[in-house]
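The structure under discussion appears below in the form of structure tokens.
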Amino acid sequence: MAKTKSKTIYECTACGSRFPKWVGRCTECGGWSSVEEFRETPLSPAAERWIPGEEGVGPTPLTSVEVDERERVSSTMEELDRVLGGGVVAGSAVLVGGDPGIGKSTLLLQLLLGLGEEGRSTLYVSGEESAKQLRMRAERLGGASEKIKVLTEIDVERIVSVLESENPAAAVMDSVQTLVSPEIQGAPGTVSQVREVAAQLVGWAKGRGMPLFLVGHVTKDGALAGPRVLEHMVDTVLYFEGDKGHPYRILRAVKNRFGSTNEVGVFEMGAKGLIGVKNPSELFLAERPEGASGSIVSPSLEGSRVILVEIQTLTAPQNYGSPQRTVSGVDRNRVQILAALLDRRLGLALANHDIFVSVAGGMQVNEPAGDLGLVAALISAYTDRPADAKTIFFGEVGLAGEVRGVSRPMDRLKEAKKLGYTRAVLPARQAREVSGVKELAEMELVGVDSIDKLLDSMGG
Ligand code: TYD
Ligand code: MG
């Protein structure tokens with residue numbers, strides 16, 4: 001194939017859209033100053049073959065497709081294994097994104113320390129921190145290990161040659177935005193550099209069956225910095241989230257070729273690093289205020305687990321200007337809709353009230369099953385009547401105010417029972433379905449088919 005001449009185009013680092021000339025704002029995703037010059041130089045041959053594409057194979061009977069049962073090893077961290085789909089897959093590339101200071105480097109250093117304890121040699125490539133800083137962090141995490149080799153280097157070609165000679169059992173690149181290939185023009189972190197660097201490293205890892213962990217920076221709006229193609233080149237994309245004011249950290253898979261994408265791992269950041277949290281519900285409810293209005297507990301589905309979360313709301317009369325809706329942890333639009341419903345169906349004058357909503361501990365409730373809890377919390381805040389402290393709420397609320405069934409009601413009820421909750425307000429249909437189930441014998445089940453009946457079911 002004839003070499004294509006390199007030409008200058010412009011690419012949005014947030015969404016990957018391309019433009020023939022520079023624009024200050026991406027017309028596709030609306031991001032400001034996210035469009036960067038990008039010289040479309042062909043990738044080096046080493047990198048080229050790892051850009052995903054269709055291989056030249058014709059149609060194959062499904063039964064003759066070989067199942068990719070890859071070898072997995074435990075990361076020695078249960079919560080990380082869970083998010084990865086049951087362990088680290090040989091030859092897989094995992095991108096870990098998250099805000100600065102959230103704990104990405106800590107997580108990956110802990111991973112290598114754990115592997116070291118099992119006698120596996122690993123490599124930690126740092127383009128950001130000095131070897132001394134890494135040593136200090138390792139000491140804090142319980143002691144450095146001779147099994148971990150540290151390399152402070154940003155030239156990807158030299159990194160690959162070290163990988164060749166060391167042949168580690170796993171490697172961490174912290175971060176992919178700091179690495180460069182001398183073959184390609186541009187500073188570290190530019191679209192073409194990130195693409196080239198990642199392609200070379202991922203290619204090497206795949207060829208050798210070595211698990212590779214790439215740390216990725218996150219832009220102001222929370223997207224992974226660098227070209228979208230980075231997400232396509234790796235097998236797994238994990239986001240490390242949390243509120244820096246809180247010790248809880250949530251590791252979420254947003255893409256996973258080797259497992260489910262809705263698993264989350266929960267950690268607590270302590271003085272000696274990250275500790276996996278076995279019972280997240282207990283953690284998130286530990287500081288629940290007693291007898292406070294506006295606070296409701298709802299069982300939320302996170303992958304295969306149910307986590308009980310506390311939804312907190314505050315409403316305050318607002319007589320001038322447009323009322324505020326300050327929301328975190330739940331969808332803002334959902335709050336608007338449910339507030340309008342409460343106005344319409346129950347006559348709560350929320351249209352002239354400020355509404356504040358948050359989920360305690362920095363958790364996110366993104367499923368519709370959280371609707372009923374949110375509605376109950378708003379009612380409780382507005383009427384200034386605390387709900388019964390041992391009651392949980394779950395159910396989807398429709399636009400007619402009807403309460404609809406949600407997935408896995410039994411698991412939600414069981415988790416609540418385990419933590420000492422004695423009463424549940426849930427969709428009427430599902431309350432009928434599970435009534436009489438032995439395991440829930442001591443639990444009072446209150447079925448509601450519409451939010452109109454909720455006022456009488458709040459308890460407390
Ligand atoms: P770090 O892993 O450097 O974050 P990232 O690589 O995502 O930028 O984490 C840094 C933060 O974590 C820092 O604020 C200190 C805190 N921390 C602890 O609280 N305990 C610990 O044991 C360690 C190592 C860090
Ligand atoms: Mg770091």
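The values are calculated or read from the model by the stated rules, or taken from the named source; none is laboratory data. Note that the structure is predicted; figures quoted are calculated from it, not measured. In this analysis, Cβ positions are derived from the backbone assuming ideal geometry, glycine residues included, and neighbour counts consider all displayed protein chains. Ligands, DNA and RNA are excluded from the accessible area calculation, which covers all protein heavy atoms including side chains. Shrake-Rupley method; radii C 1.70, N 1.55, O 1.52, S 1.80 Å.
Once the Cα-Cα distance is subtracted from the 0.36 nm per residue extended length, the Ser322 to Asp384 segment shows a gain of 20.1 nm.
For the chain, carbon and sulfur atoms together expose 49% of the accessible surface, with a 1.4 angstrom probe and every protein chain in place.
Think of it as helices only: each DSSP H run of n ≥ 4 in the chain is worth -39500 (n - 2.57), and spread over all residues that comes to -8000 deg cm²/dmol at 222 nm.
Rounded, prolate or oblate: which fits segment 73-278 when a ≥ b ≥ c are the square roots of the eigenvalues of the alpha-carbon gyration tensor, with rounded for a/c under 1.5 and prolate only if a/b beats b/c? Cα axes put segment 73-278 in the rounded bin. Remark on Phe213: its backbone amide H falls under 5 Å from those of Val94, Ala171, Val172, Met173, a criterion applied only to residues 5 or more positions apart or on other chains, H modelled at 1.01 Å from N.
Using the Cβ-Cβ distance between Ser161 and Asn279 with R0 set to 56 Å, the FRET efficiency works out to roughly 0.75. For Lys7, the lysines whose Cα comes closer than 19 Å to its Cα, not counting residues fewer than 8 places off in the same chain, are Lys21.
Checking the cross-link pairs Lys244/Lys272; Lys278/Lys418; Lys244/Lys278; Lys390/Lys414 against a 18 Å limit on the alpha carbon distance flags Lys244/Lys278 as lying beyond it. Loop sites here are GluC sites (Glu not before Pro) outside DSSP states H, G, I, E and B with no more than 11 other Cβ atoms within 10 Å. The longest part of the chain free of them is 291-441.
Counting only chymotrypsin sites (Phe, Trp or Tyr not before Pro) that are in a DSSP loop and have at most 12 other C-beta atoms within 10 Å, tell me the longest site-free stretch of the chain.
23-319
Can you give me the Cα centroid spacing of segment 249-271 and segment 359-435 in angstrom? Using only Cα atoms, the two centres lie 24 Å from each other. Helix 131-140 and the longest principal axis of the C-alpha atoms of the chain enclose an angle of approximately 40°. Relative to the longest principal axis of the Cα atoms of the chain, the long axis of helix 191-208 makes an angle of roughly 80 degrees.
Per residue, the average separation of C-alpha pairs within less than 8 Å and at least 6 apart gives segment 283-457 a relative contact order of 24 percent. Sorting the segments 205-212, 89-96 by their residues' average number of neighbouring beta-carbon atoms within 10 angstrom, most packed first, yields 89-96, 205-212.
Rounded if a/c is under 1.5, else prolate if a/b beats b/c, else oblate: with a ≥ b ≥ c from the C-alpha gyration tensor eigenvalues square-rooted, which is the chain? Taking the square roots of the gyration eigenvalues as a ≥ b ≥ c, the chain is prolate.
Can you give me the relative contact order of segment 73-278 as a percent, contacts being Cα pairs under 8 Å and 6 or more apart?
Working: 447 pairs, mean separation 60.7, N = 206.
Across segment 73-278, relative contact order equals 29 percent.
Amide H contacts for Glu36 (H built 1.01 Å from N in the peptide plane; partners 5 or more residues away or on another chain; cut-off under 5 Å): Glu11, Cys12, Thr13.
Against the longest alpha carbon principal axis of the chain, how many degrees, from 0 to 90 and to the nearest 10, is the axis of helix 332-346 turned? Taking the Cα atoms of the chain, the angle to 332-346 is about 10 degrees.
Each peptide in 97-104, 249-256, 108-115 was scored by the mean count of other Cβ atoms within 10 Å over its residues; highest first, the order is 108-115, 249-256, 97-104. Each Cα pair under 8 Å and six or more residues apart adds its sequence gap; the mean of these over the residue count of the chain is a relative contact order of 12 percent.
Computed from the C-alpha gyration tensor, the three semi-axes of the ellipsoid equivalent to segment 143-265 are 24, 19, 15 Å, from longest to shortest.
Close amide H partners of Ile392, meaning residues 5 or more places away or on another chain with modelled amide H under 5 Å apart, are Arg423, Ala424, Val425.
Our estimate of slack between Arg257 and Glu118, defined as 0.36 nm per intervening residue step minus the Cα-Cα distance, is 47.4 nm.
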